[in-house]
Amino acid sequence: MKSKLSVLLASAVLTLSLASTAALAINNGDGVNNDRHDAKHTGNHQHKSKRGMKGDFKRMAKYLALTDEQREQAKAINKTAKTSGLVLKESMQGFHQQRKVLLMEEHFNEQAFVDLQSQYQDIIAQKALIKAKKEHSFMMILTEAQKEKMQSHQKHDGRRKHLAE
């Protein structure tokens, strides 16, 4: 009787330890089942930004009560800025690749980084100019009331607190 009980107890302990080991192995060792959470985010990060920008525009258009004509003008402004930026985007990819190489080196080469930054300074300035022109063009299609509403919203927007101070 005693030997049956000890065999039963030993097999129960062995089964539980194997089950917990398997559960940890399935869940990447953290003991939490992240399958559902990971499935939500798999491959969505690149697409989310595009969807998010459209959502931001719709929310902003609704907040400012843009007319249909203003919406069309804003879409045209964004499209023009996007096509202008696409040319620069390709050249900026080279900058980002070279920057990444510099950051991955064992010892940071400050002079190489400054040289790289100065080499691409014209392109960076052009991108900033395109963005400023886009924002200016957008502000020009707004009414005075919409401009005030936009400015007050930017002052209180949590992402732009540093600009309000």
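The values are calculated or read from the model by the stated rules, or taken from the named source; none is laboratory data. Everything numeric in this text was worked out from a predicted model, so none of it was measured. Cβ: placed from backbone, ideal geometry, glycine included. Neighbour counts: every protein chain shown.
On the given criteria, is Ala125 modelled with pLDDT of 90 or more, out of contact with any helix residue (DSSP H, G or I) (no Cβ under 8 Å at 6 or more places or on another chain) and closer than 25 Å to Thr67 by Cα?
no
Looking at the range 83-102, can you tell me whether even one residue there is closer than 30 Å to Lys62 by Cβ and of a type in the set (S, T, N, Q)?
Yes, some residue in the range 83-102 is closer than 30 Å to Lys62 by Cβ and of a type in the set (S, T, N, Q).
Given the criteria out of contact with any Asp or Glu (no Cβ under 8 Å at 6 or more places or on another chain) and surrounded by 13 or more Cβ atoms within 10 Å (Cβ to Cβ), does Phe113 qualify?
yes
Report, by residue number, each residue of the range 57-74 that is loosely packed, with under 15 Cβ neighbours inside 10 Å and under 22 Å from the mean Cα position of the chain (by Cα).
Matches in the range 57-74: Lys58, Arg59, Met60.
Could you list, in sequence order, the residues of the range 83-108 that are of a type in the set (S, T, N, Q) and surrounded by 12 or more Cβ atoms within 10 Å (Cβ to Cβ)?
Within the range 83-108, Ser84, Ser91, Gln98 qualify.
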